[in-house]
Amino acid sequence: MGAHHDDHHDAADPRGRALRLGIGGPVGSGKTALVAALCRSLGPSLRLGVVTNDIYTTEDADFLRRAGVIDPERILAVQTGCCPHTAIRDDIAANLDAVETLEERFGELDLVIVESGGDNLTATFSRGLADRQIFVLDVSGGDKVPRKGGPGVTTADLLVVNKTDLAPLVGADLTVMSRDAAAVRDGRPVLFTSIREDKGAHSVAEWVSGIMGAWRHQREQKHAHTHTHDQTQTQDHDHDQDQDHDHDHAAPTVTP
């Protein structure tokens, strides 16, 4: 993803599986708080699973379990032992294993949220791991951060600017952040929120609900196309068998 970070993995087939939503961003921007908020808002209506990433600990998974926002068994922790972007973009095996474990444990899921460890502005998810991506900034880094760009800021499906309640305290101009984010994101959506004040991150949850609807439609179309293709192949096979049958049992030719 991005000019200097090619994705070497193919997008995963959507048929018969949950939407995978990647959430990335710098350390302390509020990624885990956003995951908790989405579990609060979406948990009653969706079958959820969560995968967290930390380098050496299970800190984020432990926080979510203590918060009680979802069945603790539905939260798995990946200890990457390496830079966070490596595990979500370059070598995604551990995260894919965690996602598949959740699907095996709980059956069909609607949404699996994969939270990256804290990283820099270049961090993006492989499309082989995440179908959609949210990148989280916060205002305490200053209002200049969006215009610095980076693949995380510019290419994520949704950019979330968190901790807006702190803007007056740190001298961050939200109007400047909004303008600069729009300038680098080529029309992709940007949402401003304070998860501290809105425990359900309702504007973000509404966006996720929207992509869930589009995902279900895409998955159903893929399924319908595959079903039609399989039927056509079966009909062609039956037709070939009929032709072979007629040929094999044709009257012998007698040569005087």
Between Ala205, Ala224, which is within 24 Å of the chain's Cα centre (by Cα), modelled with pLDDT under 95 and aliphatic (A, V, I, L, M)? Ala224
Only residues in segment 28-52 that are touching a residue at least 12 places away in the same chain (Cβ under 8 Å) and under 19 Å from Asp138 (Cβ atoms) count as the first member; pair them with residues that are open to solvent by 10 Å² or more (accessible area, probe 1.4 Å) and aromatic (Phe, Trp, Tyr), Cβ under 6 angstrom, at least 6 apart or cross-chain, and list the lot. Thr32/Phe63
Among the candidates Ala87, Ala94, Ala61, residue that is touching a helix residue (DSSP H, G or I) at 6+ places or on another chain (Cβ under 8 Å), in a helix (DSSP H, G or I) and surrounded by 22 or more Cβ atoms within 10 Å (Cβ to Cβ): Ala87
Any residue in segment 141-150 that is closer than 30 Å to Arg219 by Cα, of a type outside the set (Val, Ile, Thr) and in contact (Cβ under 8 Å) with a residue 12 or more places away in the chain? no
The one condition Gly187 fails out of (1) surrounded by fewer than 19 Cβ atoms within 10 Å (Cβ to Cβ); (2) outside any helix (DSSP H, G or I); (3) in contact (Cβ under 8 Å) with a residue 24 or more places away in the chain; (4) not charged (D, E, K, R) is (3)
Every residue in segment 191-202 that is within 20 Å of the chain's Cα centre (by Cα), in contact (Cβ under 8 Å) with a residue 40 or more places away in the chain and open to solvent by 40 Å² or more (accessible area, probe 1.4 Å), please. His202
Selection within segment 64-84 - among the hydrophobic types (A, V, I, L, M, F, W, C) and either open to solvent by less than 40 Å² (accessible area, probe 1.4 Å) or farther than 21 Å from Ala156 by Cβ (or both): Leu64, Ala67, Val69, Ile70, Ile75, Leu76, Ala77, Val78, Cys82
I want to confirm something. Restricting to segment 109-144 and keeping residues that are open to solvent by less than 10 Å² (accessible area, probe 1.4 Å) and of a type in the set (Val, Ile, Thr), which single residue is farthest from the chain's Cα centre (by Cα)? Val139
Test: His217 is within 27 Å of Ala36 (Cα to Cα), modelled with pLDDT of 95 or more, open to solvent by 90 Å² or more (accessible area, probe 1.4 Å) and not charged (D, E, K, R): no
Against the condition part of a loop (DSSP other than H, G, I, E, B), acidic (Asp, Glu) and out of contact with any Leu (no Cβ under 8 Å at 6 or more places or on another chain), how does Asp198 come out, does it pass? yes
Scanning segment 16-41 for residues that are open to solvent by 10 Å² or more (accessible area, probe 1.4 Å) and hydrophobic (A, V, I, L, M, F, W, C), which turns out farthest from Cys82 (Cα to Cα)? Ala33
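The values are calculated or read from the model by the stated rules, or taken from the named source; none is laboratory data. Treat the numbers as computed from the prediction; the structure is a model and nothing was measured. Virtual Cβ from ideal backbone geometry, glycine too; neighbours counted across all protein chains shown. We work out accessible area using only protein heavy atoms, side chains counted, and drop any ligands, DNA or RNA first. Shrake-Rupley method; radii C 1.70, N 1.55, O 1.52, S 1.80 Å.
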